[in-house]
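The values are calculated or read from the model by the stated rules, or taken from the named source; none is laboratory data. Please read all numbers here as calculations on a predicted model, not as lab measurements. Cβ: placed from backbone, ideal geometry, glycine included. Neighbour counts: every protein chain shown. We work out accessible area using only protein heavy atoms, side chains counted, and drop any ligands, DNA or RNA first. Shrake-Rupley method; radii C 1.70, N 1.55, O 1.52, S 1.80 Å.
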Amino acid sequence: MITAHAPAGYIGAQLLYRLKPATVSARAWSLYGVASGLLPDIDMLWFYLVDHGHVHHHRYPTHWPLLWLLALVGALHYWRKTRRPAAAVALLVAVNGMVHMLLDSIVGDIFWLMPWRDTPFSFFTVSTRYQPWWLNFILHWSFLLELALWAWAGALFLRQRRRAHE
C-alpha cells in the first residue's frame, strides 16, 4: 500500500470511536487514528537518512507484526484494566499498527515470522514494468483497494461533519 495507511487509520479511529475518552476531542481522536495508521512507516526516516536504502524498510522492527501484536495485547490489557484515556489511545495505535501490517501484506513483503524466520510474505506480487517504481503500484489492480479505502474514509468524514452540523 502506498497511500491507504492514512485513510485506514482514520477508518480505524471512526470504528473505535466508542472507545474515545471524553477528554479527547473528536478531531484529536481522528488525528491519532491517521498518525497511528502511518506510524510503522516512521522507519522510512532511517531508510533514507541513515541506511540510504540498503535494507528494505519492511525488514525493520517497526514493520514486524510481532511488535504490533505485542502492542495490541498490551494495550488491550491496559485498556480493560484501567479504561484510562491513554489506554484507549494506545489501543487505537496498536490496532492501526496491526492494520498497517495487514494492508502491507496485500502486495508488499511483510516478514510475519520475524525475528525467528526471515521469510517475506505477500498475497500478491506487483510486477516491475514501469519507471518510476511507484507506477507499478498505481497501475496494479490492488490500487483499487486503496481508492476504496479513501472513498470509505471520505464517506465517514462527510457523515461525521453532517452530524456535527445537525
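So the values come out like this:
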| quantity | calculated |
| --- | --- |
| Added length on full extension, which subtracts the Cα-Cα distance from 0.36 nm per residue, Val55 to Arg162 | 34.0 nm |
| Alpha-carbon gyration tensor eigenvalues x 5, square-rooted, for region 66-161, Å | 30, 22, 8 |
| Residue among Ala94, Leu15, Trp112 farthest towards the positive dipole end of the chain, charges placed on Cβ | Leu15 |
| Descending semi-axes in Å of region 1-94, equivalent ellipsoid built from Cα gyration tensor | 27, 15, 10 |
| Rounded to whole Å, sorted largest first: equivalent-ellipsoid semi-axes of the chain, Cα gyration tensor | 29, 21, 13 |
| Rounded tilt (10° steps) of 85-107 against the dominant C-alpha axis of the chain | 30 |
| Region 66-150: relative contact order as a whole-number percent, Cα under 8 Å and 6+ apart | 19 |
| Inter-part distance where region 100-122 and region 40-60 are each reduced to a Cα centre, Å | 15 |
| Protein accessible area in region 1-146, 1.4 Å probe - carbon and sulfur % | 68 |
| Cβ-placed point charges (K, R +1; D, E -1), dipole of region 1-129 about Cα centre in debye, nearest 20 | 720 |
| Cα long-axis angle, helix 5-15 against the chain (0 to 90 degrees, to the nearest 10) | 30 |
| Per residue accessible area of region 102-145, 1.4 Å probe, in Å² | 71 |
| Calculated [θ] (222 nm, deg cm²/dmol) that DSSP helices of n ≥ 4 give over the chain, each run adding -39,500 (n - 2.57) | -19500 deg cm²/dmol |
| In degrees, nearest ten, helix 26-38 long axis to first principal axis of the chain (Cα) | 20 |
